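All remarks here apply to the structure that follows.
The values are calculated or read from the model by the stated rules, or taken from the named source; none is laboratory data. Owing to the predicted nature of the structure, the values given are computational and were not obtained by experimental measurement. As a convention, Cβ positions derive from the backbone with ideal geometry for all residues, glycine included, and neighbour counts pool all protein chains shown.
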Amino acid sequence: MLSWILITISAHLLNAIVLVIDKHLVSNTVLRPVAYTFYSSVFQVGFLLLIPVIGFAFPETRYLAIGILNGVLFVFTLLIFYKAVRLSEASRVIPIVGGAIPIFTFFLSYVFLSERLTVWQTAAFILFVFGGILMSIKFNKGKLIVIKGFYFAILAGFLFASYYTLTKFLFLNIPFFDGFILLQFGGFLGALFLLIPSKNREIIFSTPQTIKKRTAYLFIPNKILAALAAVMIFYAISIEESSVAVINSLQASQYVFLLIFAFILSKKLPNLYNEQVGRKVIIKKLIAIGLIGIGLVLLIS
């Protein structure tokens, strides 16, 4: 059990780095979410180059369809997620998405995968929910403010949960590499679907000429990190004894990494990462992280 948990936590460390850079690229350049999603997904076709080396066996039609359609689903989920990140602070959007994913996954995996959580794991979910709420709520003069992009974040959480539940189902029925290739090919098709609206094509094809040179160099390394993190998550999900609900719950570890990065960058680059770092806010987030940490201990105990 410990092996796939460590793999998952390591993947979320990489994802935290990716998301900090995402915030930079999406919010502080002319790179629009639809363009960022397209260029983040279209290069997934490159994984097909591994087929001659590792091999690929076509699965049954239903698994073929699930794999490809699930890859397409991920692209549109990513688009919604990037819109939420663009509208608000990364360290507030991520807890909302991360809190929604385990809850939705709990029900989806219960119904479609027959996964059952222990009492301690269920208690951990409750702590994650409270920790996520405490991390993401924002007050102004004593009044609760719903962050911009809140509904996008909730929708993204549900779609991510659906994606990972279907991915677990896929890996339970076909070999890891075959399922991985189908998901990547589906992601490539999803990127092509983004080109259908003429407005999207205008945004996407004009992007290479308008990206600021000082940020363009970050894109490719960032996508390499994202790809590595994705492979690690996929591998953890493919392990038979792993639980997709638990794996998604472990995204809580990403909050800690993200908050540390956001705190450091908000000091060094206040105009770029404008996360709130006042004393009360820090205390509130530390309490939230404490709740998340206790939940994490319950999950691995």
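Worth pointing out:
- Within region 235-285, the set of residues being modelled with pLDDT of 80 or more and loosely packed, with under 15 Cβ neighbours inside 10 Å comprises GLU240, GLU241.
- Among the residues making up region 203-222, those that are crowded, with 18+ Cβ neighbours inside 10 Å and at pLDDT 75 or above are ILE203, ILE204, ASN222.
- Tally of residues being among the aromatic types (Phe, Trp, Tyr) and in contact with a helix residue (DSSP H, G or I) (Cβ under 8 Å, 6 or more places away or on another chain) across region 98-109: 2
- Scan of region 35-56 for residues that are of a type in the set (Val, Ile, Thr), at pLDDT 90 or above and surrounded by 20 or more Cβ atoms within 10 Å (Cβ to Cβ), ordered by number: none
Matching residues to (1) surrounded by fewer than 17 Cβ atoms within 10 Å (Cβ to Cβ); (2) over 21 Å from LYS284 (Cβ atoms); (3) among the β-branched types (Val, Ile, Thr); (4) modelled with pLDDT of 95 or more:
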residue	(1), (2), (3), (4)
PHE128	no, no, no, no
LEU134	no, no, no, no
LYS141	yes, no, no, no
TYR151	yes, yes, no, no
ALA156	no, yes, no, no
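- Residue match in region 58-80 (condition: assigned to a loop (DSSP other than H, G, I, E, B) and at pLDDT below 90): no
- Matching residues, region 83-97, being modelled with pLDDT of 75 or more and touching a helix residue (DSSP H, G or I) at 6+ places or on another chain (Cβ under 6 Å): LYS83, ALA84, VAL85, ARG86, VAL93, ILE96, VAL97
- Pair list, Cβ < 6 Å and 6+ apart or interchain, from region 104-133 residues that are of a type in the set (Asp, Glu) to residues that are not in a loop (DSSP other than H, G, I, E, B): GLU115/SER109; GLU115/ALA245
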